[in-house]
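Trainee: First the structure, then my questions, so here it is.
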Amino acid sequence: MKRNSYIGIWFRDFMDIFKHEMHLIFTDAGVMIIFFLAGLAYPLLYNLIYLNGLLEDTPIAVVDNSDCAESRRFINEIDATRECRIAYHCISMNEAEKLMQERKVNGIIYFPEDFGKKLNRLQTATVSLYTDMSSFLYYKNALLGTNMVMLHEIGKIQIERYAAMGYSGQEASQIVQAIPYEDNNPYNNAFSYRFFLVSAILFIIIQQTMFYGMSLLVGTAREENRSFATLPDKLEGNGIGRVILGRGMAYWLIYMGIGIYIALIVPAIFGFPQKGSYIDMIILVTIFVTDCVMFSEACSSLITKRESVFVLFLFMSVVCLFLTGTSWPVFSFPRFWKIFSYIFPTTFGCRGFININAAGGNLWTIHDQIIILTIQTIVYYCISYISIYIENWLIKHKKEIKETKTRLAAKAGIDLEEDKIIIAGKSDEN
Amino acid sequence: MNVSWHNIKAIILRELRIIRKRPIYIMGSVVTMAFCSIFFLSFFKDGLPHDLPIAVVDYDNSSLSRSFAQQLNSTQLGKVIKYDTFKEAREDLQKGKITSICVIPEGMYANVSANRRPEFTFYINSEYFVGGALAYKDILTMVNLANGAVQREVLRAKGLTENEIIGRIQPIQTDIHEIGNQYTNYGYYLVNILLPGMLEMTVIIILIYSLGAELKYGTSRHLLKTSGGSMLTALIGKLIVYTVLFSAIGLIMIILLYHWMHFPINGSIWNMFIDVILMILASEGVAIFIIGLLPIPRLALSIGALYSILGFSLSGFTLPIETMPPYIQGLAVAFPLRHYYLFYCQEVIFGAGFAGWWQEVIHMLVFLLLPLSVMARLRKAYILQNFPKN
């Protein structure tokens, strides 16, 4: 190594800080739980919870007052769909309602008495569908199942009616369906809940566990009257960069491992679509992890107590999940929350992950996300820089600040000593 | 163990003093819940998304294709963006900038007129779930309407009356009754459970923190001294303070949802008060259980955090429990939020009343037995302070 050149010293300081941070991480049980238990086991657990990801055969009760051939065919066809299963045939709506309230069925299909008659009279017959809205998936299944059967039945009945009018075969189908259609759902064929939700959760796990773990260490340092921002003594006031990068390097190395595990290995274990190339994914993970390191360094500088990060910021995980836009569409975000979502790396990391992994995109597809992630990295680096600068200024001027505080307190008539005793709880010892 | 009112009062006053001196308790409960309420209620204020971008690649450029695009654009759900080539549209679909693509083939109008049945194709991106699903529904509706329009023209040309035509175009129709949320409003659906979930999380974390802080700052012996040496008194005193605090938050939350925001409710708001208070009590039971098992504040808080985050998934309000593997389904009963949700289904969705939810009351009350199993252990930890403090 170069002896005393600037780069040599820089690099030595950097390595010292890096090693020190590594030591802190691996000797702290709380951080180890967050990084390795949560970071490694949570992706697996969420995959297990959402393993099927599809609701099939939603139980439906049928009340068939018309009791005709058409209604029976309708019922059989609904039973045959993937979405629904006819669980009960009921005599009356009362009976069906009771089953629904007991949650034995999640939907009721009701055929009025005139169903068959109206069909015979070439009029429009009505089927009523009652669905349980306690989960939208029940609604989706009952609606989709009934609608598909309805469309199919309509086609069949129309063909029969046109045949009666004297059109048959090709001619009839030309009238019934002049524009046949083909639907493609290339990225998530069966509307599986797992693929979109777990994809978003995976990247949120990376960001949140890193933030919680780092905050734990920053809080511990502050409690023990150290600071996360201690600079090497020899360079008075300089060297903030190597503190940020040296500390960051420790987390970066650990999280490149966890990140690749989460972005490449977990999806492979659970059979996710992995349509993008590995290289693109590794580049995305690298950029995302770098951003998360800077984000965590910037935000964790606010944490003063070890445990407070859980008390204050745990709910942000759920908020971040909605801000990714995988569930509620981005186009419908209120303007304020759209701007708010630019704070978090996950907003863009998750979208990048989905666009590469499920939609088979490449780096060009996600270049918007990459640019924003890079800008975030730079901004958070600057914020960390400023916060360390302020922290150091505070440490150096501790004495003056304390004096000023005492002076001000004396003026206002507050007894600081008593305050301290109450807050730290030391008076309670005796 | 003798529980005296005098000691309980002393504990309550002591706890109030701690809350006053450490802002984190109010920050972590009142401020967190206020932020979450504002966030979720404003985030889902539309109820149902509208103006979702749908790409139309029009290779036909006829009056028929233009009118199709216009009609799609005029639906509440859709907003049409025109693309010249499929490639550009496909790239934007991959980027998630649009929800779906409709491809209108060349010569569609001519082919429809000549009864040649041109095929219409559309693609959706359902990795962005709600947007994709709604765009799918919208396009499907419009295609079927377009088919109906063509059919009507043919039948009119044959000289049928409008009544006869309707019977032929639509022999069957469905009318749909959404029980419990007739507006199919996503905000109602999600916020109804997300906010109580946040409350459950807050209760567990704050209570673990409060009980853990006694160990961390070495004040646990003073706590026991104040309570006259009785663990039960100490817990009762602390719980009275926090139960009042959280119940106040919980009741305000219920009033906020069902009274001020007018979320649909079939049953009675009074029964929902019972539900939320039971959930708070059950969550307190869980919190004491966790800190009692692991009287190390940092570990207890980590475990509490991991546990309460899982509560959202395992309550089964998004993806129903019955789709999960059997060994996960069993786990779900260990979360108060799951029972809150089942209670809510009976009261809010079906309005079934006591007959519907009495079992959930028992389930939530069972959580109150959890602290009993760890009380001796916690007391020992409080006296000996023999666990790592951080």
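The values are calculated or read from the model by the stated rules, or taken from the named source; none is laboratory data. Note that the structure is predicted; figures quoted are calculated from it, not measured. Here the Cβ is made from the backbone with ideal geometry for all residues, glycine too, and neighbour counts use every protein chain on show.
Trainee: Kindly indicate which of B:343, B:317 is assigned to a helix (DSSP H, G or I), crowded, with 23+ Cβ neighbours inside 10 Å, touching a Phe, Trp or Tyr at 6+ places or on another chain (Cβ under 6 Å) and not aliphatic (A, V, I, L, M).
Mentor: Exactly one of B:343, B:317 is assigned to a helix (DSSP H, G or I), crowded, with 23+ Cβ neighbours inside 10 Å, touching a Phe, Trp or Tyr at 6+ places or on another chain (Cβ under 6 Å) and not aliphatic (A, V, I, L, M), namely B:343.
Trainee: Mind listing just one residue for me: the one in the stretch B:258-292 that is under 18 Å from the mean Cα position of the chain (by Cα), at pLDDT 95 or above and aliphatic (A, V, I, L, M) and, of those, farthest from residue B:351 (Cα to Cα)?
Mentor: Among them, the one singled out is B:280.
Trainee: Of all residues in the stretch B:72-107, which are away from chain A (no Cβ under 13 Å), among the polar types (S, T, N, Q) and touching a helix residue (DSSP H, G or I) at 6+ places or on another chain (Cβ under 9 Å)?
Mentor: Of everything in the stretch B:72-107, just one residue is away from chain A (no Cβ under 13 Å), among the polar types (S, T, N, Q) and touching a helix residue (DSSP H, G or I) at 6+ places or on another chain (Cβ under 9 Å), namely B:75.
Trainee: Give the residues of the stretch B:157-178 that are closer than 20 Å to residue A:163 by Cβ and free of Cβ contacts under 8 Å to residues at least 12 places away in the same chain, sorted by residue number.
Mentor: So the first thing to find is which residues in the stretch B:157-178 are closer than 20 Å to residue A:163 by Cβ, and the list is B:157-160, B:164-172.
Residues satisfying the conditions are B:157, B:158, B:159, B:160, B:164, B:166, B:167, B:171, B:172.
Trainee: Specify the residue that is farthest from residue A:315 (Cα to Cα); the eligible residues are those in the stretch A:332-354 that are assigned to a helix (DSSP H, G or I) and touching a Cys at 6+ places or on another chain (Cβ under 7 Å). Lay out the reasoning, then the answer.
Mentor: We begin by selecting, within the stretch A:332-354, every residue assigned to a helix (DSSP H, G or I); these are A:332, A:335-343, A:345-354.
Then drop every residue that is not touching a Cys at 6+ places or on another chain (Cβ under 7 Å), which leaves A:345-346.
Details: A:345: 16, A:346: 15 Å.
Among those residues, the one meeting the criterion is A:345.
Trainee: Oh, and also: Considering B:67, B:29, which residue is part of a helix (DSSP H, G or I), within 30 Å of residue B:136 (Cβ to Cβ) and hydroxyl-bearing (Ser, Thr, Tyr)? So that I can check it myself, show each step before the final result.
Mentor: Details: B:29 fails: within 30 Å of residue B:136 (Cβ to Cβ).
Among B:67, B:29, only B:67 is part of a helix (DSSP H, G or I), within 30 Å of residue B:136 (Cβ to Cβ) and hydroxyl-bearing (Ser, Thr, Tyr).
Trainee: Separate question: Which condition number in (1) surrounded by fewer than 22 Cβ atoms within 10 Å (Cβ to Cβ); (2) more than 9 Å from every other protein chain (Cβ to nearest Cβ) is the one that residue A:333 fails?
Mentor: So the condition that residue A:333 fails would be (2).
Trainee: Continuing with this model, one more query. Looking at B:110, B:146, B:157, B:135, which one is among the aliphatic types (A, V, I, L, M) and within 7 Å of chain A (Cβ to nearest Cβ)? Show your work before the answer.
Mentor: Details: B:110 fails: within 7 Å of chain A (Cβ to nearest Cβ); B:157 fails: within 7 Å of chain A (Cβ to nearest Cβ); B:135 fails: within 7 Å of chain A (Cβ to nearest Cβ).
Every option except B:146 fails the conditions.
Trainee: Only one of A:211, A:196 is more than 8 Å from chain B (Cβ to nearest Cβ), crowded, with 20+ Cβ neighbours inside 10 Å and in a helix (DSSP H, G or I). Can you tell me which?
Mentor: From the options A:211, A:196, the qualifying one is A:211.
Residues are listed down the side, and each one gets a yes or a no for (1) of a type in the set (A, V, I, L, M, F, W, C); (2) surrounded by fewer than 21 Cβ atoms within 10 Å (Cβ to Cβ); (3) under 19 Å from residue A:376 (Cα atoms):
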{"position": "A:288", "(1), (2), (3)": "yes, no, yes"}
{"position": "A:294", "(1), (2), (3)": "yes, no, yes"}
{"position": "A:302", "(1), (2), (3)": "yes, yes, yes"}
{"position": "A:312", "(1), (2), (3)": "yes, yes, no"}
{"position": "A:317", "(1), (2), (3)": "no, no, yes"}
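Trainee: If you don't mind, another one. So which residues in the stretch A:38-66 are within 8 Å of another protein chain (Cβ to nearest Cβ) and in a helix (DSSP H, G or I), if there are any at all?
Mentor: Residues of the stretch A:38-66 within 8 Å of another protein chain (Cβ to nearest Cβ): A:38, A:42, A:45-46, A:48-56.
Selection gives A:38, A:42, A:45, A:46, A:48, A:49.
Trainee: Would it be correct to say that residue B:184 is surrounded by fewer than 22 Cβ atoms within 10 Å (Cβ to Cβ) and in contact (Cβ under 8 Å) with a residue 24 or more places away in the chain? Step through it out loud before you land on a result.
Mentor: On the way: surrounded by fewer than 22 Cβ atoms within 10 Å (Cβ to Cβ): yes; in contact (Cβ under 8 Å) with a residue 24 or more places away in the chain: yes.
It is true that residue B:184 is surrounded by fewer than 22 Cβ atoms within 10 Å (Cβ to Cβ) and in contact (Cβ under 8 Å) with a residue 24 or more places away in the chain.
Trainee: Ok, one more. Out of all the residues in the stretch A:90-101, which are out of contact with any helix residue (DSSP H, G or I) (no Cβ under 8 Å at 6 or more places or on another chain) and facing chain B (nearest Cβ under 10 Å)?
Mentor: Within the stretch A:90-101, the first condition is being out of contact with any helix residue (DSSP H, G or I) (no Cβ under 8 Å at 6 or more places or on another chain), and the residues that meet it are A:91-99.
Once the filter is applied, which keeps residues that are out of contact with any helix residue (DSSP H, G or I) (no Cβ under 8 Å at 6 or more places or on another chain) and facing chain B (nearest Cβ under 10 Å), the stretch A:90-101 yields A:97, A:98.
Trainee: Are any residues in the stretch B:110-142 crowded, with 17+ Cβ neighbours inside 10 Å and farther than 25 Å from residue A:54 by Cβ, and if so, which ones?
Mentor: B:111, B:112, B:118, B:120, B:142
Trainee: Being facing chain B (nearest Cβ under 7 Å) and surrounded by fewer than 19 Cβ atoms within 10 Å (Cβ to Cβ) is the filter; apply it to the stretch A:178-193 and report the residue that is nearest to residue B:318 (Cα to Cα). Give the derivation first.
Mentor: Taking the stretch A:178-193 as the starting set, the residues that turn out to be facing chain B (nearest Cβ under 7 Å) are A:178-188, A:191, A:193.
Right, trim to surrounded by fewer than 19 Cβ atoms within 10 Å (Cβ to Cβ) and you get A:180-186.
On the way: A:180: 34, A:181: 31, A:182: 29, A:183: 26, A:184: 25, A:185: 21, A:186: 23 Å.
If we take residues in the stretch A:178-193 being facing chain B (nearest Cβ under 7 Å) and surrounded by fewer than 19 Cβ atoms within 10 Å (Cβ to Cβ), then A:185 is nearest to residue B:318 (Cα to Cα).
Trainee: Looking for whichever is surrounded by 20 or more Cβ atoms within 10 Å (Cβ to Cβ) and not aromatic (Phe, Trp, Tyr) here; the options are B:27, B:33. Which one fits? Step through it out loud before you land on a result.
Mentor: Values: B:27 fails: surrounded by 20 or more Cβ atoms within 10 Å (Cβ to Cβ).
The match here is B:33.
Trainee: For residue B:16, all conditions in the list (1) without any contact (Cβ under 8 Å) to a residue 60 or more places away in the chain; (2) out of contact with any Phe, Trp or Tyr (no Cβ under 8 Å at 6 or more places or on another chain) hold save one; what is the number of the exception?
Mentor: Against the list (1) without any contact (Cβ under 8 Å) to a residue 60 or more places away in the chain; (2) out of contact with any Phe, Trp or Tyr (no Cβ under 8 Å at 6 or more places or on another chain), residue B:16 comes up short only on (1).
Trainee: Just wondering, is there one or more residues in the stretch B:48-61 that are of a type in the set (Ser, Thr, Tyr) and more than 30 Å from residue A:319 (Cβ to Cβ)? Before the answer, list the steps.
Mentor: Narrowing the stretch B:48-61 to residues of a type in the set (Ser, Thr, Tyr): B:59.
Of the ones still in play, those that are also more than 30 Å from residue A:319 (Cβ to Cβ) are B:59.
Yes, the stretch B:48-61 has at least one match.
Trainee: Within the stretch A:144-176, track down each residue that is touching a Gly at 6+ places or on another chain (Cβ under 9 Å) and surrounded by 19 or more Cβ atoms within 10 Å (Cβ to Cβ).
Mentor: A:145, A:146, A:176, listed by residue number.
Trainee: Of all residues being at the interface with another protein chain (Cβ under 7 Å from one of its Cβ atoms) and polar (S, T, N, Q) in the stretch A:106-146, which is nearest to residue B:323 (Cα to Cα)? Just the residue, please.
Mentor: So, considering only residues that are at the interface with another protein chain (Cβ under 7 Å from one of its Cβ atoms) and polar (S, T, N, Q), the one nearest to residue B:323 (Cα to Cα) is A:135.
Trainee: Looking only at residues that are in contact (Cβ under 8 Å) with a residue 60 or more places away in the chain and over 14 Å from the mean Cα position of the chain (by Cα) in the stretch B:26-44, which one is nearest to the other protein chains (Cβ to nearest Cβ)?
Mentor: Looking at the filtered set, the residue picked out is B:28.
Trainee: Step by step: first the residues of the stretch B:304-326, then only those that are of a type in the set (A, V, I, L, M, F, W, C) and more than 17 Å from residue A:313 (Cβ to Cβ), then the one that is farthest from the chain's Cα centre (by Cα). Which residue is that? Please lay out each step first, then the result.
Mentor: Our first condition is that a residue be of a type in the set (A, V, I, L, M, F, W, C); within the stretch B:304-326, this holds for B:305-306, B:309-310, B:312, B:314, B:317, B:319, B:321, B:324.
With the extra rule that they be more than 17 Å from residue A:313 (Cβ to Cβ), the set shrinks to B:310, B:314, B:317, B:319, B:321, B:324.
Values: B:310: 13, B:314: 11, B:317: 7, B:319: 11, B:321: 14, B:324: 18 Å.
Within the stretch B:304-326, the match that is farthest from the chain's Cα centre (by Cα) is B:324.
Trainee: Condition (residue is under 19 Å from residue A:43 (Cβ atoms) and not aromatic (Phe, Trp, Tyr)) applied to the stretch A:212-229: is it met by at least one residue?
Mentor: Let us first name the residues in the stretch A:212-229 that are under 19 Å from residue A:43 (Cβ atoms), namely A:212-213.
Filter again for not aromatic (Phe, Trp, Tyr), leaving A:213.
Taking every residue of the stretch A:212-229 in turn, at least one turns out to be under 19 Å from residue A:43 (Cβ atoms) and not aromatic (Phe, Trp, Tyr).
Trainee: On to the next question. Residue under question is residue A:289, and the condition is that it be modelled with pLDDT under 90 and part of a helix (DSSP H, G or I); does it hold?
Mentor: No.
Trainee: Okay, next question. Quick one: how many residues across the stretch B:346-377 are under 21 Å from residue B:181 (Cβ atoms), part of a helix (DSSP H, G or I) and small (Gly, Ala, Ser)?
Mentor: The total comes to 1.
Trainee: Name every residue in the stretch B:149-164 that is small (Gly, Ala, Ser) and surrounded by fewer than 16 Cβ atoms within 10 Å (Cβ to Cβ), in order of residue number.
Mentor: Within the stretch B:149-164, the first condition is being small (Gly, Ala, Ser), and the residues that meet it are B:149, B:157, B:159.
B:157, B:159 - these are the residues of the stretch B:149-164 that are small (Gly, Ala, Ser) and surrounded by fewer than 16 Cβ atoms within 10 Å (Cβ to Cβ).
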